[in-house]
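In what follows, a structure is listed as structure tokens, so that the remarks can point back to it.
The values are calculated or read from the model by the stated rules, or taken from the named source; none is laboratory data. From a predicted model like this one, the values you see are computed outputs, not experimental measurements. Note: ideal-geometry Cβ built from the backbone for every residue, glycine included; neighbour counts use all protein chains shown. Areas reflect the complete protein model, heavy atoms only, side chains present, ligands, DNA and RNA absent. Shrake-Rupley method; radii C 1.70, N 1.55, O 1.52, S 1.80 Å.
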Amino acid sequence: MSKKLTVAVVGATGAVGREMLKTLHDRQFPATAVRAFASARSAGSKVPFGETELTVQELREDVFEGIDIAIFSAGGGTSETFAPHAAHAGCVVVDNSSQWRMDDRCPLVVPEVNPDALAGHNGIIANPNCSTIQMLVALKPIYDAVGIRRVVVSTYQAVSGTGQKGLEELERQTRDLFNLREPECKVYPYRIAFNVLPHIDVFLDNDYTKEEMKMTNETVKIFNDPSVKVTATCVRVPVFFGHAESVNVETVKKMTAKECRILLSQAPGVKVFDNPREKLYPMPAYIAGDDETYVGRIREDESIENGLNMWVVADNVRKGAALNAVQIAEELLRRDLVRVKDRNVFMA
Ligand code: A2P
């Protein structure tokens, strides 16, 4: 009989939380028990887990005793309040919010990129931003092979990145417009249906959005290399699932488009889908639900000496959130790291 392993999903009623449960089940994560938590509003409701259902329990500070791993996707405020209590109870948290990402006490991990960073964890591990994850899965082999000086990225991000309420807003506004009703804006400042918003998360003092600076700062932390410069423009588009990114990379040494195609076709977690003559390139509508990060439109940037352009697409709810978090949990098991060394680190 193998050792007992209890896993919890916090935010289990949300868009990402549901996908986390599905991912745990699909990948046959070796949990002996799975528990679902959300706010008091959802206590007693059911969420699917494979062919069965789990009863949602109210999240409280004292629920983590006996839980080995808790995967959180319930917003930054919930993570801020509850993750320290989980770690204090000896439960390892994998947190999908931005709350702990830039905290020096917390590793920020993409398993294909920097799994070794898990070794230093103290009970809270951060899952990076969805747009950062897919970009770095594609960039890591290039970084290792020829070095990266600078990245210019523009994103085309799906509304599921805003959670269930983002999905509902696009659906409702689309219906309103087809019925000649004025669309109501509850989630985004302007209508998202048949529109494009150059605004994700809040604006900061430097006039970038927080989402854009996440891509800049998280890349440096994950590569552990402040010499890699990233400048981003993050855009919300009327797509339900799947983020796309136009990524321009200036490398340290030259890499041809052909070399890049071969390199990425052998890279973990990457699928190259790139044949212009056959009109082959990845698109959100066709890859939603897949685990891989798709790369196409690989070209040499003819305006600089060592540059590449590419188009990177992944399911933001899956690889951008739920799958990456479950892969972190799998890596913790593989490395025998499902324990909290010092339970007081986050209780100061
Ligand atoms: P609930 O459904 O009870 O509000 P999404 O990002 O798709 O909107 O999902 C957010 C998730 O976070 C939901 O499962 C939501 O639960 C959960 N959540 C929000 N606030 C809290 C809280 N204070 N405690 C626990 N879970 C919360």
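State yes or no: is Val92 of a type in the set (Val, Ile, Thr) and either more than 11 Å from the ligand (Cβ to nearest atom) or within 20 Å of the chain's Cα centre (by Cα) (or both)?
When the stated conditions are applied, Val92 passes them.
Go through segment 16-25 and give me each residue that's in contact (Cβ under 8 Å) with a residue 40 or more places away in the chain and crowded, with 22+ Cβ neighbours inside 10 Å.
Val16, Gly17, Glu19, Met20, Thr23, Leu24
Which one is most open to solvent (accessible area, probe 1.4 Å) among residues in segment 80-94 that are touching a strand residue (DSSP E or B) at 6+ places or on another chain (Cβ under 8 Å) and touching a residue at least 60 places away in the same chain (Cβ under 8 Å)?
Going through the qualifying residues, I end up with Phe82.
For segment 182-198, does any single residue satisfy the condition of being at negative phi and not in a loop (DSSP other than H, G, I, E, B)?
yes
Scan segment 207-215 and give yes if some residue there is in a helix (DSSP H, G or I), under 25 Å from Tyr294 (Cα atoms), of a type in the set (D, E, K, R) and in contact with a strand residue (DSSP E or B) (Cβ under 6 Å, 6 or more places away or on another chain), otherwise no.
yes
Looking at Ile298, Ile222, which is the one that is in contact with a Lys or Arg (Cβ under 6 Å, 6 or more places away or on another chain) and closer than 27 Å to Val317 by Cβ?
Ile298
Looking only at segment 193-211, filter to residues that are in contact with a helix residue (DSSP H, G or I) (Cβ under 9 Å, 6 or more places away or on another chain) and open to solvent by less than 50 Å² (accessible area, probe 1.4 Å); which one of those is nearest to Asn129 (Cα to Cα)?
Among those that are in contact with a helix residue (DSSP H, G or I) (Cβ under 9 Å, 6 or more places away or on another chain) and open to solvent by less than 50 Å² (accessible area, probe 1.4 Å), it is Glu211.
Would you say Ile142 is touching a strand residue (DSSP E or B) at 6+ places or on another chain (Cβ under 8 Å), in a helix (DSSP H, G or I), within 30 Å of Gln266 (Cβ to Cβ) and hydrophobic (A, V, I, L, M, F, W, C)?
In short, yes.
Residues Phe72, Phe49, Phe37: which one is touching a residue at least 60 places away in the same chain (Cβ under 8 Å) and either open to solvent by 40 Å² or more (accessible area, probe 1.4 Å) or not small (Gly, Ala, Ser) (or both)?
So the residue among Phe72, Phe49, Phe37 that is touching a residue at least 60 places away in the same chain (Cβ under 8 Å) and either open to solvent by 40 Å² or more (accessible area, probe 1.4 Å) or not small (Gly, Ala, Ser) (or both) is Phe72.
Looking at segment 255-339, what strands (runs of 3 or more DSSP E) fall wholly within it and have at least 3 residues that are open to solvent by 10 Å² or more (accessible area, probe 1.4 Å)?
270-272, 293-300
Mind listing just one residue for me: the one in segment 146-164 that is touching a helix residue (DSSP H, G or I) at 6+ places or on another chain (Cβ under 9 Å) and open to solvent by 50 Å² or more (accessible area, probe 1.4 Å) and, of those, nearest to Ala314 (Cα to Cα)?
Among residues in segment 146-164 that are touching a helix residue (DSSP H, G or I) at 6+ places or on another chain (Cβ under 9 Å) and open to solvent by 50 Å² or more (accessible area, probe 1.4 Å), the one nearest to Ala314 (Cα to Cα) is Tyr156.
Within segment 54-71, is there a residue that is within 20 Å of Thr162 (Cα to Cα) and modelled with pLDDT of 95 or more?
yes
Can you tell me which of Asp62, Asp116 is away from the ligand (no atom under 16 Å from the Cβ) and surrounded by fewer than 19 Cβ atoms within 10 Å (Cβ to Cβ)?
Asp116
Just checking, which of Val151, Val220 is in contact with a Ser or Thr (Cβ under 8 Å, 6 or more places away or on another chain), within 20 Å of Asn324 (Cβ to Cβ) and not in a loop (DSSP other than H, G, I, E, B)?
None of the other options fit; the residue is Val151.
I'd like to verify a number: residues in segment 169-192 that are among the acidic types (Asp, Glu) and either at pLDDT below 95 or loosely packed, with under 15 Cβ neighbours inside 10 Å (or both), how many?
Number satisfying all stated conditions: 3.
Which members of segment 1-15 meet the condition of being hydrophobic (A, V, I, L, M, F, W, C) and buried (at least 20 other Cβ atoms within 10 Å of the Cβ)?
Those that are hydrophobic (A, V, I, L, M, F, W, C) and buried (at least 20 other Cβ atoms within 10 Å of the Cβ): Val7, Ala8, Val9, Val10, Ala12, Ala15.
Taking into account only those residues within segment 27-59 that are in contact with a Leu (Cβ under 6 Å, 6 or more places away or on another chain) and among the β-branched types (Val, Ile, Thr), which is nearest to the ligand (Cβ to nearest atom)?
Val47
Check whether at least one residue in segment 235-244 is of a type in the set (Phe, Trp, Tyr) and in contact (Cβ under 8 Å) with a residue 24 or more places away in the chain, and report yes or no.
Checked segment 235-244: at least one residue is of a type in the set (Phe, Trp, Tyr) and in contact (Cβ under 8 Å) with a residue 24 or more places away in the chain.
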